[in-house]
Amino acid sequence: MANGLDDVVAAETVLSDVDGVGGHLTIRGHSLMELAGRRRYAQVVRLLFDGFFDDLPSDAELEKAIGKARVEVFDRVQPMLAQLAPLDIYSGMRAGMAVLPDGDSLADALRLIAAPAVLTPALLQLGRGETPVVPDEKADHAGDMLRMLSGTASPALAKALDSYLVTVCDHGLNASTFATRVVASTQAGLTSAILAGLGALKGPLHGGAPGPVIEMLDAIEASGDATAWLRKEIAHGERIMGFGHRVYRVRDPRADALKTVVRQLGSRSETGSRLALAETVEQAALEVLRIAKPQRSIQTNVEFYTALLLEAVGFPKEAFSNVFAAGRVAGWIAHAREQQATGRLIRPQSRYVGPVPDLVA
Ligand code: ACO
(Lines give C-alpha, C1' and ligand atoms only; values in the text may rest on other atoms or scores of the structure.)
Protein backbone atom coordinates (compact mmCIF):
# COMPACT_ATOMS: atom_id res chain seq x y z
CA MET A 1 0.00 0.00 0.00
CA ALA A 2 1.28 3.47 -0.89
CA ASN A 3 1.12 5.24 2.45
CA GLY A 4 1.52 8.62 0.76
CA LEU A 5 -1.53 7.92 -1.48
CA ASP A 6 0.77 8.25 -4.54
CA ASP A 7 -1.22 8.11 -7.78
CA VAL A 8 -4.57 7.73 -5.96
CA VAL A 9 -7.26 9.89 -7.60
CA ALA A 10 -9.30 11.27 -4.70
CA ALA A 11 -11.27 14.04 -6.42
CA GLU A 12 -12.47 15.27 -9.77
CA THR A 13 -11.71 18.92 -10.32
CA VAL A 14 -12.16 21.61 -12.94
CA LEU A 15 -9.63 23.81 -11.15
CA SER A 16 -6.11 22.71 -12.03
CA ASP A 17 -4.06 19.90 -13.47
CA VAL A 18 -0.43 19.04 -12.74
CA ASP A 19 1.30 17.15 -15.55
CA GLY A 20 4.34 15.78 -13.76
CA VAL A 21 5.86 14.15 -16.84
CA GLY A 22 5.39 16.99 -19.32
CA GLY A 23 6.06 19.66 -16.69
CA HIS A 24 2.85 21.60 -17.33
CA LEU A 25 0.44 23.29 -14.94
CA THR A 26 -3.07 24.06 -16.22
CA ILE A 27 -5.36 26.35 -14.25
CA ARG A 28 -8.97 26.40 -15.45
CA GLY A 29 -7.97 25.78 -19.04
CA HIS A 30 -5.02 28.20 -19.05
CA SER A 31 -1.36 27.27 -18.92
CA LEU A 32 0.55 28.83 -16.04
CA MET A 33 2.55 30.87 -18.58
CA GLU A 34 -0.67 32.51 -19.84
CA LEU A 35 -1.49 33.66 -16.31
CA ALA A 36 1.75 34.46 -14.45
CA GLY A 37 2.76 38.05 -15.13
CA ARG A 38 -0.21 38.52 -17.48
CA ARG A 39 -3.26 38.39 -15.20
CA ARG A 40 -3.52 40.13 -11.87
CA TYR A 41 -4.13 38.11 -8.74
CA ALA A 42 -7.72 39.40 -8.37
CA GLN A 43 -8.47 38.26 -11.92
CA VAL A 44 -7.14 34.80 -11.15
CA VAL A 45 -9.19 34.67 -7.95
CA ARG A 46 -12.23 35.34 -10.13
CA LEU A 47 -11.16 32.65 -12.57
CA LEU A 48 -10.88 30.11 -9.75
CA PHE A 49 -14.13 31.18 -8.06
CA ASP A 50 -16.18 31.16 -11.27
CA GLY A 51 -19.13 28.81 -10.84
CA PHE A 52 -18.56 28.37 -7.12
CA PHE A 53 -20.27 31.57 -5.92
CA ASP A 54 -23.56 32.90 -7.32
CA ASP A 55 -22.85 36.58 -6.78
CA LEU A 56 -19.41 36.86 -8.38
CA PRO A 57 -18.88 40.42 -9.72
CA SER A 58 -16.66 41.58 -12.61
CA ASP A 59 -12.84 41.53 -12.29
CA ALA A 60 -12.73 45.23 -11.42
CA GLU A 61 -15.52 44.95 -8.84
CA LEU A 62 -13.90 41.88 -7.31
CA GLU A 63 -10.59 43.74 -6.93
CA LYS A 64 -12.47 46.50 -5.10
CA ALA A 65 -14.28 43.96 -2.92
CA ILE A 66 -10.93 42.35 -1.96
CA GLY A 67 -9.70 45.84 -1.00
CA LYS A 68 -12.74 46.37 1.21
CA ALA A 69 -12.19 42.92 2.74
CA ARG A 70 -8.60 43.90 3.66
CA VAL A 71 -9.91 46.90 5.58
CA GLU A 72 -12.63 44.81 7.24
CA VAL A 73 -10.13 42.12 8.30
CA PHE A 74 -7.73 44.75 9.64
CA ASP A 75 -10.49 46.31 11.78
CA ARG A 76 -11.50 42.89 13.06
CA VAL A 77 -8.02 41.64 14.01
CA GLN A 78 -6.46 44.91 15.15
CA PRO A 79 -7.55 44.52 18.82
CA MET A 80 -5.83 41.13 19.07
CA LEU A 81 -2.62 41.89 17.12
CA ALA A 82 -0.58 42.57 20.26
CA GLN A 83 -1.43 39.07 21.57
CA LEU A 84 -0.55 37.45 18.23
CA ALA A 85 2.73 39.30 17.68
CA PRO A 86 4.87 37.21 20.10
CA LEU A 87 3.91 34.00 18.27
CA ASP A 88 5.94 32.85 15.29
CA ILE A 89 4.63 34.72 12.27
CA TYR A 90 2.85 31.72 10.72
CA SER A 91 1.06 30.80 13.97
CA GLY A 92 0.11 34.45 14.46
CA MET A 93 -1.43 34.60 10.99
CA ARG A 94 -3.26 31.31 11.47
CA ALA A 95 -4.63 32.39 14.87
CA GLY A 96 -5.82 35.70 13.38
CA MET A 97 -7.58 33.86 10.56
CA ALA A 98 -9.24 31.48 13.02
CA VAL A 99 -11.48 34.25 14.36
CA LEU A 100 -13.04 34.99 10.97
CA PRO A 101 -16.70 33.92 10.52
CA ASP A 102 -16.99 30.29 9.39
CA GLY A 103 -19.53 30.72 6.58
CA ASP A 104 -19.65 29.82 2.90
CA SER A 105 -20.52 33.13 1.26
CA LEU A 106 -18.44 35.21 -1.13
CA ALA A 107 -17.92 37.72 1.70
CA ASP A 108 -16.48 34.93 3.87
CA ALA A 109 -14.23 33.87 0.99
CA LEU A 110 -12.94 37.40 0.37
CA ARG A 111 -12.11 37.91 4.04
CA LEU A 112 -10.03 34.72 3.85
CA ILE A 113 -8.29 35.99 0.68
CA ALA A 114 -7.55 39.28 2.44
CA ALA A 115 -6.45 37.91 5.80
CA PRO A 116 -2.91 36.59 5.10
CA ALA A 117 -2.13 39.77 3.14
CA VAL A 118 -3.21 41.92 6.10
CA LEU A 119 -1.99 39.85 9.05
CA THR A 120 1.51 39.11 7.73
CA PRO A 121 2.70 42.74 7.31
CA ALA A 122 0.88 43.82 10.48
CA LEU A 123 2.59 41.14 12.59
CA LEU A 124 5.98 41.89 11.00
CA GLN A 125 5.52 45.60 11.74
CA LEU A 126 4.61 44.89 15.36
CA GLY A 127 7.59 42.55 15.67
CA ARG A 128 9.81 45.47 14.61
CA GLY A 129 8.20 47.67 17.26
CA GLU A 130 6.30 49.68 14.63
CA THR A 131 2.61 50.45 14.28
CA PRO A 132 0.82 48.35 11.64
CA VAL A 133 -0.04 50.25 8.46
CA VAL A 134 -3.77 50.41 7.72
CA PRO A 135 -4.76 48.80 4.37
CA ASP A 136 -5.69 51.02 1.44
CA GLU A 137 -8.84 49.54 -0.07
CA LYS A 138 -8.20 51.28 -3.40
CA ALA A 139 -4.76 49.76 -3.93
CA ASP A 140 -4.16 46.50 -5.78
CA HIS A 141 -3.77 43.48 -3.53
CA ALA A 142 -0.04 42.79 -3.96
CA GLY A 143 0.89 46.48 -3.96
CA ASP A 144 -1.06 47.07 -0.77
CA MET A 145 0.57 44.07 0.88
CA LEU A 146 4.01 45.56 0.16
CA ARG A 147 2.90 49.04 1.23
CA MET A 148 1.70 47.60 4.56
CA LEU A 149 5.05 45.78 4.86
CA SER A 150 7.40 48.67 4.22
CA GLY A 151 5.43 51.87 3.76
CA THR A 152 5.96 52.01 -0.01
CA ALA A 153 5.48 49.69 -2.96
CA SER A 154 7.39 50.24 -6.19
CA PRO A 155 5.32 49.13 -9.22
CA ALA A 156 8.08 46.66 -10.19
CA LEU A 157 8.08 44.94 -6.80
CA ALA A 158 4.27 44.94 -6.63
CA LYS A 159 4.13 43.30 -10.07
CA ALA A 160 6.70 40.72 -8.99
CA LEU A 161 4.68 39.84 -5.88
CA ASP A 162 1.47 39.73 -7.91
CA SER A 163 3.11 37.27 -10.34
CA TYR A 164 4.16 35.14 -7.38
CA LEU A 165 0.63 35.05 -5.91
CA VAL A 166 -0.74 34.02 -9.32
CA THR A 167 1.97 31.36 -9.80
CA VAL A 168 1.10 29.58 -6.54
CA CYS A 169 -2.69 30.11 -6.59
CA ASP A 170 -3.55 26.44 -7.19
CA HIS A 171 -1.75 23.18 -7.84
CA GLY A 172 -3.85 20.03 -8.05
CA LEU A 173 -4.46 17.85 -5.03
CA ASN A 174 -1.37 18.78 -3.04
CA ALA A 175 -1.27 18.02 0.70
CA SER A 176 -2.80 21.32 1.86
CA THR A 177 -5.54 21.27 -0.79
CA PHE A 178 -6.41 17.70 0.13
CA ALA A 179 -6.58 18.66 3.82
CA THR A 180 -8.84 21.58 2.87
CA ARG A 181 -11.13 19.32 0.85
CA VAL A 182 -11.38 16.75 3.66
CA VAL A 183 -12.63 19.41 6.08
CA ALA A 184 -14.90 20.99 3.45
CA SER A 185 -16.42 17.56 2.81
CA THR A 186 -17.82 17.57 6.35
CA GLN A 187 -19.72 20.77 5.35
CA ALA A 188 -17.75 22.75 7.95
CA GLY A 189 -17.39 26.39 6.91
CA LEU A 190 -14.67 27.88 4.73
CA THR A 191 -12.60 29.16 7.65
CA SER A 192 -12.39 25.65 9.14
CA ALA A 193 -11.37 24.23 5.77
CA ILE A 194 -8.74 26.90 5.16
CA LEU A 195 -7.27 26.40 8.65
CA ALA A 196 -6.72 22.74 7.72
CA GLY A 197 -4.91 23.84 4.57
CA LEU A 198 -2.78 26.26 6.57
CA GLY A 199 -1.76 23.49 8.94
CA ALA A 200 -0.65 21.23 6.10
CA LEU A 201 1.16 23.96 4.18
CA LYS A 202 3.44 24.82 7.10
CA GLY A 203 5.65 21.72 6.98
CA PRO A 204 9.05 21.77 5.24
CA LEU A 205 8.03 18.97 2.87
CA HIS A 206 5.36 21.33 1.50
CA GLY A 207 5.17 25.13 1.89
CA GLY A 208 7.75 25.48 4.65
CA ALA A 209 10.74 24.97 2.36
CA PRO A 210 11.59 28.48 1.05
CA GLY A 211 12.83 29.87 4.38
CA PRO A 212 15.35 26.99 4.64
CA VAL A 213 16.36 27.66 1.00
CA ILE A 214 17.65 31.08 2.10
CA GLU A 215 19.50 29.48 5.03
CA MET A 216 21.08 27.03 2.58
CA LEU A 217 22.14 29.81 0.18
CA ASP A 218 23.68 31.77 3.06
CA ALA A 219 25.50 28.72 4.39
CA ILE A 220 26.84 27.82 0.93
CA GLU A 221 27.96 31.39 0.30
CA ALA A 222 29.84 31.34 3.61
CA SER A 223 31.38 27.93 2.87
CA GLY A 224 32.52 28.96 -0.63
CA ASP A 225 32.02 25.46 -2.10
CA ALA A 226 28.47 24.57 -3.13
CA THR A 227 29.20 21.00 -4.22
CA ALA A 228 31.11 20.09 -1.05
CA TRP A 229 28.39 21.62 1.14
CA LEU A 230 25.59 19.81 -0.68
CA ARG A 231 27.43 16.46 -0.70
CA LYS A 232 27.91 16.73 3.05
CA GLU A 233 24.18 17.37 3.57
CA ILE A 234 23.26 14.33 1.48
CA ALA A 235 25.84 12.21 3.31
CA HIS A 236 24.13 13.20 6.58
CA GLY A 237 20.77 12.07 5.17
CA GLU A 238 19.44 15.63 4.81
CA ARG A 239 17.12 16.74 2.01
CA ILE A 240 18.07 19.64 -0.19
CA MET A 241 15.32 22.23 0.16
CA GLY A 242 13.73 23.46 -3.06
CA PHE A 243 14.35 20.20 -4.93
CA GLY A 244 12.17 17.16 -5.55
CA HIS A 245 8.44 16.75 -5.96
CA ARG A 246 5.87 14.01 -5.55
CA VAL A 247 4.34 14.60 -8.99
CA TYR A 248 6.96 16.34 -11.17
CA ARG A 249 9.66 14.14 -12.66
CA VAL A 250 10.87 17.14 -14.66
CA ARG A 251 11.49 20.72 -13.67
CA ASP A 252 8.53 22.36 -11.90
CA PRO A 253 7.18 24.94 -14.41
CA ARG A 254 6.58 27.36 -11.54
CA ALA A 255 10.34 27.46 -10.88
CA ASP A 256 10.89 28.92 -14.36
CA ALA A 257 7.98 31.35 -14.03
CA LEU A 258 9.42 32.70 -10.78
CA LYS A 259 13.01 32.73 -12.03
CA THR A 260 11.89 34.92 -14.94
CA VAL A 261 10.39 37.40 -12.47
CA VAL A 262 13.54 37.39 -10.33
CA ARG A 263 15.66 37.97 -13.42
CA GLN A 264 13.49 40.99 -14.31
CA LEU A 265 14.24 42.37 -10.84
CA GLY A 266 17.90 41.46 -11.24
CA SER A 267 18.97 44.90 -12.39
CA ARG A 268 18.90 45.79 -8.69
CA SER A 269 22.45 44.76 -7.82
CA GLU A 270 21.58 42.82 -4.65
CA THR A 271 19.03 40.64 -6.45
CA GLY A 272 21.39 40.13 -9.40
CA SER A 273 24.20 38.75 -7.24
CA ARG A 274 21.74 36.61 -5.27
CA LEU A 275 20.43 35.16 -8.54
CA ALA A 276 23.97 34.34 -9.68
CA LEU A 277 24.61 32.50 -6.40
CA ALA A 278 21.28 30.65 -6.68
CA GLU A 279 22.02 29.53 -10.25
CA THR A 280 25.39 28.14 -9.17
CA VAL A 281 23.79 26.34 -6.21
CA GLU A 282 20.98 25.00 -8.40
CA GLN A 283 23.38 23.47 -10.92
CA ALA A 284 25.51 21.97 -8.15
CA ALA A 285 22.44 20.57 -6.35
CA LEU A 286 21.02 18.97 -9.51
CA GLU A 287 24.36 17.29 -10.16
CA VAL A 288 24.82 16.12 -6.55
CA LEU A 289 21.24 14.77 -6.44
CA ARG A 290 21.65 13.05 -9.82
CA ILE A 291 24.68 11.16 -8.51
CA ALA A 292 23.32 10.50 -5.01
CA LYS A 293 19.80 9.39 -6.09
CA PRO A 294 20.22 7.93 -9.59
CA GLN A 295 16.93 6.00 -9.25
CA ARG A 296 14.90 9.19 -8.83
CA SER A 297 14.62 12.30 -11.03
CA ILE A 298 14.92 15.11 -8.48
CA GLN A 299 14.52 18.53 -10.07
CA THR A 300 14.14 22.13 -8.96
CA ASN A 301 10.74 22.86 -7.41
CA VAL A 302 8.74 26.06 -6.91
CA GLU A 303 10.24 26.78 -3.51
CA PHE A 304 13.78 27.44 -4.74
CA TYR A 305 12.97 30.60 -6.71
CA THR A 306 10.13 31.49 -4.34
CA ALA A 307 12.83 32.14 -1.78
CA LEU A 308 14.69 34.52 -4.08
CA LEU A 309 11.59 36.35 -5.22
CA LEU A 310 10.14 36.90 -1.76
CA GLU A 311 13.53 38.02 -0.44
CA ALA A 312 13.83 40.46 -3.36
CA VAL A 313 10.44 42.06 -2.71
CA GLY A 314 11.31 42.54 0.96
CA PHE A 315 9.84 39.73 3.04
CA PRO A 316 11.99 38.19 5.78
CA LYS A 317 12.46 34.42 5.41
CA GLU A 318 10.33 33.58 8.45
CA ALA A 319 7.30 35.05 6.61
CA PHE A 320 7.75 33.19 3.30
CA SER A 321 5.18 30.47 4.11
CA ASN A 322 2.67 33.19 5.02
CA VAL A 323 3.05 34.71 1.57
CA PHE A 324 2.65 31.28 -0.01
CA ALA A 325 -0.63 30.97 1.93
CA ALA A 326 -1.67 34.43 0.69
CA GLY A 327 -1.53 33.09 -2.87
CA ARG A 328 -2.75 29.51 -2.33
CA VAL A 329 -5.78 30.55 -0.26
CA ALA A 330 -7.65 31.26 -3.52
CA GLY A 331 -7.18 27.67 -4.70
CA TRP A 332 -8.10 26.27 -1.29
CA ILE A 333 -11.39 28.18 -1.26
CA ALA A 334 -12.31 27.06 -4.78
CA HIS A 335 -11.49 23.43 -3.94
CA ALA A 336 -13.49 23.67 -0.71
CA ARG A 337 -16.52 24.92 -2.64
CA GLU A 338 -16.07 22.27 -5.32
CA GLN A 339 -15.89 19.55 -2.67
CA GLN A 340 -18.90 20.90 -0.73
CA ALA A 341 -20.92 20.85 -3.95
CA THR A 342 -20.38 17.08 -4.31
CA GLY A 343 -22.14 16.58 -0.97
CA ARG A 344 -19.85 13.59 -0.41
CA LEU A 345 -17.94 13.09 2.86
CA ILE A 346 -14.30 12.06 2.33
CA ARG A 347 -13.90 9.03 4.53
CA PRO A 348 -11.32 6.44 3.44
CA GLN A 349 -10.51 3.22 5.26
CA SER A 350 -7.44 2.21 7.20
CA ARG A 351 -6.20 -1.36 7.43
CA TYR A 352 -5.86 -2.45 11.06
CA VAL A 353 -2.43 -4.03 11.66
CA GLY A 354 -2.38 -3.86 15.49
CA PRO A 355 -2.89 -6.60 18.06
CA VAL A 356 -6.28 -8.31 18.21
CA PRO A 357 -8.13 -8.99 21.47
CA ASP A 358 -8.36 -12.56 22.77
CA LEU A 359 -11.72 -13.95 21.75
CA VAL A 360 -13.68 -14.83 24.86
CA ALA A 361 -16.07 -17.71 24.38
N1 ACO B 1 16.98 16.06 -1.29
C2 ACO B 1 17.55 14.86 -1.12
N3 ACO B 1 16.90 13.71 -1.39
C4 ACO B 1 15.66 13.79 -1.85
C5 ACO B 1 15.00 15.02 -2.05
C6 ACO B 1 15.74 16.20 -1.77
N7 ACO B 1 15.21 17.39 -1.93
N8 ACO B 1 13.78 14.78 -2.52
C9 ACO B 1 13.63 13.46 -2.60
N10 ACO B 1 14.77 12.85 -2.20
C11 ACO B 1 15.05 11.44 -2.16
C12 ACO B 1 14.55 10.79 -0.88
O13 ACO B 1 15.49 10.87 0.16
C14 ACO B 1 14.32 9.39 -1.35
O15 ACO B 1 15.57 8.73 -1.42
P16 ACO B 1 15.70 7.17 -1.01
O17 ACO B 1 14.80 6.45 -1.98
O18 ACO B 1 17.15 6.87 -1.17
O19 ACO B 1 15.19 7.07 0.40
C20 ACO B 1 13.84 9.56 -2.79
O21 ACO B 1 14.35 10.81 -3.21
C22 ACO B 1 12.34 9.59 -2.90
O23 ACO B 1 11.84 10.47 -1.90
P24 ACO B 1 10.33 10.52 -1.45
O25 ACO B 1 10.28 11.15 -0.10
O26 ACO B 1 9.66 9.21 -1.66
O27 ACO B 1 9.74 11.47 -2.54
P28 ACO B 1 8.45 12.30 -2.40
O29 ACO B 1 7.78 12.21 -3.68
O30 ACO B 1 7.64 11.99 -1.22
O31 ACO B 1 9.14 13.72 -2.16
C32 ACO B 1 9.23 15.92 -1.43
C33 ACO B 1 8.58 14.94 -2.41
C34 ACO B 1 8.65 15.67 -0.04
C35 ACO B 1 8.86 17.34 -1.87
C36 ACO B 1 10.76 15.75 -1.42
O37 ACO B 1 11.28 15.87 -2.72
C38 ACO B 1 11.46 16.71 -0.46
O39 ACO B 1 11.50 16.42 0.74
N40 ACO B 1 12.01 17.84 -0.98
C41 ACO B 1 12.68 18.82 -0.13
C42 ACO B 1 11.68 19.75 0.53
C43 ACO B 1 11.01 20.68 -0.45
O44 ACO B 1 11.62 21.22 -1.36
N45 ACO B 1 9.69 20.86 -0.22
C46 ACO B 1 8.86 21.69 -1.12
C47 ACO B 1 8.09 20.83 -2.08
S48 ACO B 1 7.20 21.79 -3.26
C49 ACO B 1 5.77 22.19 -2.50
O50 ACO B 1 5.19 21.46 -1.75
C51 ACO B 1 5.18 23.49 -2.74
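Can you give the FRET efficiency for Ala222 and Arg290, using 1/(1 + (r/R0)^6), R0 = 35 Å, r = Cβ-Cβ distance, to the nearest 0.05?
0.90
Less than 29 Å apart at the alpha-carbon level, and either on another chain or at least 8 residues along: which lysines does that give for Lys64?
Straight-distance partners of Lys64: Lys138, Lys159.
How do 53-61, 146-154, 3-11, 294-302 rank on mean C-beta neighbours within 10 Å, highest first?
Put in order of decreasing packing, that is 146-154, 294-302, 53-61, 3-11.
Find the centroid of the Cα atoms in region 1-31 and in region 274-296, then give the distance between the two in whole Å.
One Cα centre to the other: 26 Å.
How much length is gained if the chain between Gln78 and Glu130 is pulled fully straight, taking 0.36 nm per residue apart and subtracting their Cα-Cα distance, in nm to one decimal?
Gain on stretching Gln78 to Glu130: 17.4 nm.
Based on the Kirkwood radius over alpha-carbon pairs, what is the Stokes-Einstein translational diffusion coefficient of region 277-352 at 20 °C with 1.002 mPa s viscosity, in µm²/s?
For the chosen part, D equals 132 µm²/s.
Simple spin-label model, 7 Å along Cα-to-Cβ: Arg38 to Ala341 in nm?
Using points 7 Å along Cα→Cβ, the separation is 2.4 nm.
Using the basic label-point model (7 angstrom from Cα toward the beta carbon), what is the Leu277 to Val353 distance in nanometres?
4.4
Across bins of 10 angstrom width beginning at 0, how are the C-alpha pair distances of region 80-130 distributed, in whole percent?
Taking all Cα pairs of region 80-130, the binned fractions are 27, 50, 21, 2 percent.
With a 1.4 Å probe and all protein chains kept in place, how much accessible area does His245 have, in Å² rounded to the nearest 10?
Rounded to the nearest 10, that gives 50 Å².
What are the ³J(HN,Hα) values, in whole Hz, obtained from phi via the Karplus relation 6.51 cos²θ - 1.76 cosθ + 1.60 with θ = phi - 60°, for each residue of region 31-38 in sequence order, with x given for Gly and Pro?
Coupling constants for region 31-38: 6, 3, 5, 6, 9, 5, x, 10 Hz.
Grab the beta carbon distance between Asp17 and Val360, set R0 = 41 Å, and tell me the FRET efficiency rounded to 0.05.
Efficiency computed from Cβ-Cβ geometry: 0.15.
Net charge around Asp54, counting only other residues with Cβ within less than 12 Å of its Cβ (Lys, Arg = +1; Asp, Glu = -1)?
Overall, the nearby charge balance is -2.
What ³J(HN,Hα) values, in whole Hz, does the Karplus curve 6.51 cos²θ - 1.76 cosθ + 1.60 give for region 221-232 when θ = phi - 60°, with x put for Gly and Pro?
After applying 6.51 cos²θ - 1.76 cosθ + 1.60, I find 4, 5, 6, x, 9, 4, 4, 4, 4, 5, 4, 5 Hz.
Once the convex hull of the alpha carbons of region 1-140 is built, what does its volume come to per residue, in cubic angstrom?
167
Report, by chain and number, residues whose modeled amide H sits under 5 Å from the one on His206, excluding near sequence neighbours (fewer than 5 apart, same chain).
Under 5 Å from the amide H of His206: no residue qualifies.
Taking amide H positions as placed 1.01 Å from N in the peptide plane, with prolines and chain starts having none, which residues 5 or more places from His24, or on another chain, fall under 5 Å of its amide H?
Amide H to amide H, under 5 Å and 5 or more residues apart or across chains, His24 pairs with Asp19.
Residues of region 206-293: accessible area per residue at 1.4 Å, in Å²?
50
State the Cα centre-to-centre distance between region 104-130 and region 78-103 in whole Å.
9
Taking 0.36 nm per residue of sequence separation and subtracting the Cα-Cα distance, how much length would be gained by fully extending the chain between His24 and Gln187, in nm to one decimal?
55.5 nm
Which FRET efficiency value, to the nearest 0.05, do you get for Val247 and Ser154 by plugging their Cβ-Cβ distance into 1/(1 + (r/R0)^6) with R0 = 45 Å?
Once the sixth-power term is evaluated, E becomes 0.80.
Accessible area of Leu126, 1.4 Å probe, to the nearest 10 Å²?
Solvent-accessible area, nearest 10 Å²: 50 Å².
Once the piece of chain linking Asp59 and Glu270 is laid out straight, how much longer is it, given 0.36 nm per residue of separation minus the C-alpha distance between them?
Stretched out fully, the Asp59 to Glu270 stretch lengthens by 72.4 nm.
Tell me the accessible surface of Lys68 in square angstrom (1.4 angstrom probe, heavy atoms of protein chains only), to the nearest ten.
Lys68 exposes around 120 Å² with every protein chain in place.
For the chain, what log10 I(q)/I(0) values come out of the Debye formula at q = 0.09, 0.11 1/Å, with one point per alpha carbon and no solvent?
Reported log10 I(q)/I(0), two decimals: -0.50, -0.74.
Taking Cα pairs under 8 Å and at least six residues apart, what relative contact order does region 92-193 come out at, in percent?
Worked out over region 92-193, it gives 30 percent.
Report, by chain and number, residues whose modeled amide H sits under 5 Å from the one on Gln299, excluding near sequence neighbours (fewer than 5 apart, same chain).
It is Gly244, His245, by chain and number.
The values are calculated or read from the model by the stated rules, or taken from the named source; none is laboratory data. It should be emphasised that the depicted structure is a prediction, and the values quoted were computed from it without experimental measurement. Note: ideal-geometry Cβ built from the backbone for every residue, glycine included; neighbour counts use all protein chains shown. SASA here: full protein model, heavy atoms, side chains in, ligands and nucleic acids out. Shrake-Rupley method; radii C 1.70, N 1.55, O 1.52, S 1.80 Å.
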